[in-house]
Amino acid sequence: MPTPDVIAIRASSLADLFDCPARWEAKHLRGLRLPSGPGAVLGHAVHAGAAAFDQAVINGEPISFDDAAGIVADAAREEARTIDVDWSGDMQPADVEKIGIDLCRLYCEQVSPEYEWAAVEASCEALVIEDVGLVLTGTTDRIYRDPVLGYGIADIKTGKSAVAADGTVRTTGHAAQLGVYELLAAASYGVRITAPAHILGLQA
């Protein structure tokens, strides 16, 4: 466990840290919270459906897209009911559910089949860097296996800026997060991460 003199940093929070250290401190060190946005609910729901789909493949018991879509819908409804969400914008709970199912279909039918997954939602052990007083933690969306390049990580993004207008996935600003995921995956799973990190941008 981290000592009081050691700061724990989740890989998924690094974008916040580099964008606004004061906001990061308020949220992750002082525990201050603002309501979640619909985009966060959407992301969590899509991740839940996609994870169930891929884990079933790894287990040798594949599920259908309809099964995954049901998990997306259930996750979206559960978060809308149980957490503090700011619904003051244009996106409402029904929109989140519909878009989430659309994105899950895109993932299950077009993205996931291109990969051989080694691990899904891989919760990585804390990596202590004593000389700078940091503990790095995080959950890597996917570890994939390439027959030529070896193991690599993949991260699913569903935000509004995940995909550019020309259809290309935006990669700017994610290098630190992906680098930490690579370190955690290698340390926790005992494999060398030698294949490129991939960002799987999903946009309806």
> (1) surrounded by fewer than 18 Cβ atoms within 10 Å (Cβ to Cβ); (2) touching a strand residue (DSSP E or B) at 6+ places or on another chain (Cβ under 6 Å); (3) over 20 Å from Ala52 (Cα atoms): which one isn't true of Glu130, the others all being true?
Replying inline: (2)
> Of the numbered conditions (1) in contact (Cβ under 8 Å) with a residue 40 or more places away in the chain; (2) more than 19 Å from the chain's Cα centre (by Cα); (3) not in a loop (DSSP other than H, G, I, E, B), Asp54 satisfies every one except a single condition; which is it?
Replying inline: (2)
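Is the range 145-157 home to any residue that is hydroxyl-bearing (Ser, Thr, Tyr) and in contact with an Asp or Glu (Cβ under 7 Å, 6 or more places away or on another chain)? First the steps, then the outcome.
If we filter the range 145-157 for residues that are hydroxyl-bearing (Ser, Thr, Tyr), which is where we start, we get 151.
Next cut, in contact with an Asp or Glu (Cβ under 7 Å, 6 or more places away or on another chain) only: none.
Looking for residues that are hydroxyl-bearing (Ser, Thr, Tyr) and in contact with an Asp or Glu (Cβ under 7 Å, 6 or more places away or on another chain), one finds none in the range 145-157, hence no.
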> Identify, please: which residue in the range 17-44 is surrounded by 14 or more Cβ atoms within 10 Å (Cβ to Cβ) and among the small types (Gly, Ala, Ser) and is, among those, farthest from the chain's Cα centre (by Cα)?
Replying inline: Ala26
> Is one or more of the residues making up the range 4-11 part of a helix (DSSP H, G or I), modelled with pLDDT under 80, over 27 Å from Lys98 (Cα atoms) and open to solvent by less than 40 Å² (accessible area, probe 1.4 Å)?
Replying inline: yes
> Inside the range 110-204, counting only strands (runs of 3 or more DSSP E) that do not spill past its ends, which hold 1 or more residues that are among the acidic types (Asp, Glu) and in contact with a Ser or Thr (Cβ under 9 Å, 6 or more places away or on another chain)?
Replying inline: 117-129, 134-146, 150-157
>> Tell me yes or no: at least one residue of the range 77-91 is open to solvent by less than 50 Å² (accessible area, probe 1.4 Å), part of a helix (DSSP H, G or I) and of a type outside the set (Lys, Arg).
In response: yes
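Search the range 57-75 for residues being of a type in the set (A, V, I, L, M, F, W, C), touching a helix residue (DSSP H, G or I) at 6+ places or on another chain (Cβ under 8 Å) and part of a helix (DSSP H, G or I), and hand back the single one that is surrounded by the fewest Cβ atoms within 10 Å (Cβ to Cβ). Working first, answer last.
Just the residues of the range 57-75 that are of a type in the set (A, V, I, L, M, F, W, C), to begin with: 57-58, 63, 65, 68-69, 71-73, 75.
Within this subset, residues satisfying the condition of being touching a helix residue (DSSP H, G or I) at 6+ places or on another chain (Cβ under 8 Å) are 57, 63, 65, 68-69, 71-73, 75.
Then drop every residue that is not part of a helix (DSSP H, G or I), which leaves 57, 65, 68-69, 71-73, 75.
Details: Val57: 17, Phe65: 15, Ala68: 25, Ala69: 19, Ile71: 21, Val72: 30, Ala73: 19, Ala75: 22.
Result: Phe65.
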> Taking the range 136-186 only, how many residues are among the aliphatic types (A, V, I, L, M), surrounded by 17 or more Cβ atoms within 10 Å (Cβ to Cβ) and within 17 Å of Tyr115 (Cα to Cα)?
Replying inline: 4
>> Tell me whether the range 105-119 contains one or more residues that are of a type in the set (Phe, Trp, Tyr), crowded, with 17+ Cβ neighbours inside 10 Å and modelled with pLDDT under 95.
In response: no
> Being touching a residue at least 60 places away in the same chain (Cβ under 8 Å) and not polar (S, T, N, Q), is that true of even one residue in the range 62-72?
Replying inline: no
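The values are calculated or read from the model by the stated rules, or taken from the named source; none is laboratory data. The model shown is predicted, which means the values in this text are computed figures rather than measured ones. Every residue, glycine among them, receives a Cβ derived from its backbone with ideal geometry; neighbour counts consider all protein chains shown. Heavy atoms of the whole protein, side chains included, go into the accessibility calculation; ligands, DNA and RNA do not. Shrake-Rupley method; radii C 1.70, N 1.55, O 1.52, S 1.80 Å.
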